[in-house]
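Let me begin by presenting the structure, written as structure tokens, before commenting on it.
Rule-based calculations on the coordinates, nothing more; no lab input. Just so you know, these numbers come straight off a predicted model, no measurement behind them. Cβ placement follows ideal geometry from the backbone for every residue including glycine, while neighbour counts extend to all protein chains displayed.
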Amino acid sequence: MSRRKVEADFSGGEITSDAGALLLRQADRRLGLTAAMAKALGDPRRRASCEHSLVTLLRQRVYALALGYEDVDDHDHLRHDGALQTACNRVSVLGSASTVGRVERRGDRAAAMALHQVLVEQFIASFASAPEELILDFDATDDPVHGKQEGRYFHGYYDQYCFLPLYVTCNDQLLVSYLRPSCVDAAAHAGAVLVLLVRRLRQAWPNVRIIFRGDSGFCRRHLLTWCENHGVGYIVGIAKNDRLLEKAESLMRVAQQRYEASGQKQRSFHTVHYAAGTWTRSRQVIVKAEYSDQGENPRFVVTNLDGDPQDLYDRLYCARGEMENRIKEQLQLFADRTSCHKWWHNQFRLLLSSCAYVLVETIRRIGLKNTQLARAQVNT
């Protein structure tokens with residue numbers, strides 16, 4: 001392997017402000033991430049005509065995203081950066097913007113499947129021993145578009161043209177970043193993704209306990225039924241409706257009386273059984289009866305888990321809010337740079353940002369453990 005002499009000098013000259021690229025390279029070496037990406041994608045190019053290997057170009061693009069360079073055009077300057085060259089195991093100029101752009105535009109369905117497999121395998125490899133329990137968080141977000149990209153639709157809730165990517169995380173680790181058009185239901189394809197994840201995770205760890213967690217957008221009969229039939233726990237928000245509010249009416253009345261007597265916000269938790277019109281059976285629903293100076297605030301969660309309802313709601317369901325922070329971090333690493341015209345090119349870009357997140361999250365989880373930055377946002 002080529003080597004580069006590194007000197008500390010205060011006289012100026014050829015300098016860089018991106019020495020963090022070397023730390024990213026160390027994280028990548030530990031994971032073998034970009035090497036796995038290149039192996040999974042394959043390289044159909046004629047080798048004799050290629051100056052830059054696929055793994056080098058992937059490193060160049062993923063490291064740059066993690067360093068804060070969102071545009072491919074940035075690489076016309078970055079290709080001359082000594083630190084980035086060193087991180088990519090090069091002692092010469094890296095790929096140009098047009099060369100890196102051609103890599104991004106090779107994305108297709110097979111590439112998306114291959115990179116998702118890399119993400120899942122990286123997650124599995126991060127455990128030194130089999131975990132007892134895994135909580136899979138599913139959530140969707142809006143990804144605004146400003147052109148005529150394939151798959152763009154107007155979304156009434158977000159009041160804009162956008163995509164609707166589906167993310168799956170476990171704790172802080174990312175397993176899925178699946179681009180979808182915004183004309184679909186929030187839970188579209190979540191069932192297929194859940195089946196594939198559970199199958200692979202149980203293949204790795206046959207005795208692991210898996211819990212599916214999501215907001216009310218994922219309260220769908222087929223998802224709940226599949227979990228029940230395959231031994232998967234679930235705790236999912238359920239939207240208010242007249243029947244649920246009727247079941248909670250007496251509980252809310254008690255909370256209101258206690259608030260009026262004390263002047264303090266009142267919360268109590270209870271379990272009721274409820275069956276929606278499309279369900280074939282009743283299910284356990286946790287009711288949070290809350291009353292404060294803002295008035296009544298009932299909330300409902302459907303679950304097949306045993307335990308104290310307040311503990312399940314506060315400790316388990318509300319922890320779902322961390323998933324929203326993980327999505328924000330994807331955007332901090334430019335997951336919203338889906339400005340290509342072609343659909344699969346945008347999915348490929350989304351996955352490149354996801355891989356940049358994996359590197360930064362690894363540094364945070366392992367390298368910064370027990371420090372003040374162990375819970376810092378990735379942009380910090």
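Taking the alpha carbon gyration tensor of the stretch 219-377, multiplying each eigenvalue by 5 and rooting it gives semi-axes of 37, 23, 16 Å, largest first. Computed over neighbours whose Cβ is under 13 Å from that of Phe212, the net charge equals -1, Lys and Arg +1, Asp and Glu -1. Our compactness index for the chain, the C-alpha radius of gyration over the empirical 2.2 N^0.38 Å, is 1.14.
Cross-link reach is defined here as a Cα-Cα straight distance under 28 Å, omitting same-chain residues fewer than 8 places apart; for Lys148 the lysines meeting it are Lys328, Lys342.
Mean projection of the Cα convex hull over all viewing directions, computed for the stretch 18-79: 4.7 nm².
How large is the translational diffusion coefficient of the stretch 94-228 in µm² per second when you combine the Kirkwood radius over alpha carbon pairs with Stokes-Einstein at 20 °C and 1.002 mPa s? Estimated via Stokes-Einstein, D reaches 128 µm²/s.
With viscosity 1.002 mPa s and temperature 20 °C, the Kirkwood radius over alpha carbon pairs of the stretch 23-171 converts through Stokes-Einstein to a diffusion coefficient of 121 µm²/s. In summary, the aspartates and glutamates within cross-link reach of Lys288, defined as a Cα separation below 13 angstrom excluding same-chain residues under 8 places away, comprise Glu249, Glu296, Asp308, Asp311, Asp314.
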